[in-house]
Amino acid sequence: MAKSKSKSVFVCQNCGSQRTRWEGRCTDCGEWNTLVEERITDGEPRGLSGAKSGSFSGGASGSRAWAIGANSGSASALSFSIEEAIAQAHSGSTESKMRLPTGSSELDRVLGGGLVKGSFVLVGGDPGIGKSTLMMQMAGGLAQRGSQVLYISGEESVTQTALRAERMGVVQAGVRLAAESELEVIRDRAMAHQAQADGAPCVLIVDSIQTIYRSDIESAPGSVTQVRECAAALMHLAKSQGISVFVIGHVTKEGQIAGPKVLEHMVDTVLAFEGDATHAFRLLRALKNRFGATHELGVFTMDSRGLVEVTNPSEMFLEERGRELIGSAVFASMEGSRPILCEVQALTISSPLPQPRRTSIGFDTQRVHLLAAILNRHLGLKLHASDLFINVVGGLNLDEPAADFAVAAALISSECGESLDAKTVYFGELGLTGEARAVNFADQRLREARKLGFERFIVPASNQKQLASMIKAEKISGVRFVRDLRELAETVRGGRAASAARRPSPRPPKAADDEIGF
């Protein structure tokens, strides 16, 4: 038997590119001192060929010889026509074709309606945000619905994981725990667990991808090579055996998932768990989803029992809204297919600095510069000499231009000292010439606002045709369609006067450069 040989390569820990010799600067990504020497064994990778599909030997203590792949004569190595593949996908019982409910409606929403059999999902987030808690609660929900779950922890002992599960009330017999870091052992146990599942859906959870390693690669766990190769092996396990695999990924200080970018390309779904570890809200977003819509949002709160779903996030985001409404506007946002109402706060204060500050939390700072310039030009506000502070309450990140109306109204209110109406909702986009532009899903935003008791709605005039039939059928009053920034400013000046908000006013003459023109 030929003895395998090893060779040294230098791998960039930032982008994953390889070099035959050490270099101070990676020419691919431009980072300095990121090339690390790693030894790679030549020869056939362990576990990718050499035996029949589904065979394994040794268990946790025996030999780790693996063969998830198939022989040249097995069914999984054959090619199929599109018609044959579709027929095969629709064959079998109805239950096998349905998505698996995870027991969490918020998680099901983000996944696109439930867990798909054989999917490969990556969950990333800051330390302490609740990734392991979410996965443990999902394991309990899946087990309650007949799935067999294997939870592998590379960071905790079995006792520590069990105590955490007990605290969250996850005591189902269908959840098996193991503490392991070696990839070959993890795959052995996953296959053994699937064999014992007796046809029930099987789910593997790995916590985390940065702690597991392949024994035939000499680099340390968490390195680019280890993360890439371990993820490739787990992807092969998911696709060839129909085991749904969840892996937890750590993030860097910049907020990106640690490891090579190819990791995000391998997986079917990338879930980002956001929020401040000291804040009650936890936001789960789908950044990539091959089986559903992206940018869906699930909202949770954290308490002593674990994560609790928020069924009405709009109400929770607005429940602590203060009585002093100067600089506070309500915006109807669209997070995936869900409308959510949130509070946008603005504060303007005269600045002694030659370059006033522009601070924004939850809203693009470049967009704040743009809106400040529009308000300066078309309303004569002296925002170029003021510090501007924008805050989206609750930890939401607004990345749609429809928030322009709410941010502009909050800035005008703060600068002029005008209190905004507590029952008014704003949504619309502003152009550089001050015109109001239409937004998508205006009907869904309007319905969500009405459901929460709002009475007045500031909407771009371009959406009037789209909303006409809805307004007539549901007898909605209080909708004001504005054509430009000046008409938006009139609604702010009107304050709490509902009747003034319903009737368009004639456009005022252009203001002088040294006064506010509305």
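The values are calculated or read from the model by the stated rules, or taken from the named source; none is laboratory data. It should be emphasised that the depicted structure is a prediction, and the values quoted were computed from it without experimental measurement. Reconstructed Cβ throughout: ideal geometry from the backbone, glycine too, with neighbour counts over all protein chains shown.
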All strands (runs of 3 or more DSSP E) inside the range 183-291 with 2 or more residues being in contact with a His (Cβ under 9 Å, 6 or more places away or on another chain): 202-207, 281-289
Some residue of the range 341-353 being touching a Cys at 6+ places or on another chain (Cβ under 7 Å) and crowded, with 22+ Cβ neighbours inside 10 Å: no
Pick from the range 278-295, criterion within 16 Å of the chain's Cα centre (by Cα) and modelled with pLDDT under 85, ranking: surrounded by the fewest Cβ atoms within 10 Å (Cβ to Cβ): Ala293
Candidates Ile390, Ile374 - the one that is closer than 22 Å to Leu488 by Cα, β-branched (Val, Ile, Thr), over 31 Å from the mean Cα position of the chain (by Cα) and modelled with pLDDT of 95 or more: Ile374
Near pairs, Cβ below 8 angstrom, 6+ apart or cross-chain, from the range 146-166 (in contact (Cβ under 8 Å) with a residue 12 or more places away in the chain) to any residue that is among the basic types (Lys, Arg): Gln148/Arg176; Val149/Arg176; Leu150/Arg176; Leu150/Arg189; Tyr151/Arg176; Ile152/Arg189; Glu156/Arg164
Residue in the range 196-219 that is at negative phi, assigned by TED's automatic domain parsing to the domain that holds Ser147 and without any contact (Cβ under 8 Å) to a residue 24 or more places away in the chain present: no
Residue count, the range 172-182 (criterion: part of a loop (DSSP other than H, G, I, E, B), modelled with pLDDT of 90 or more and under 22 Å from Leu307 (Cβ atoms)): 1
Count of residues meeting criterion [part of a strand (DSSP E or B), of a type in the set (A, V, I, L, M, F, W, C) and modelled with pLDDT under 90] in the range 300-320: 1
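If we keep just the residues of the range 452-476 that are part of a loop (DSSP other than H, G, I, E, B) and among the aliphatic types (A, V, I, L, M), which is nearest to Glu315 (Cα to Cα)?
Only one residue tops the list, namely Leu452.
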Flag if Ala449 is in the same structural domain as Val479 (by TED's automatic domain parsing), under 25 Å from the mean Cα position of the chain (by Cα), at pLDDT 95 or above and assigned to a helix (DSSP H, G or I): no
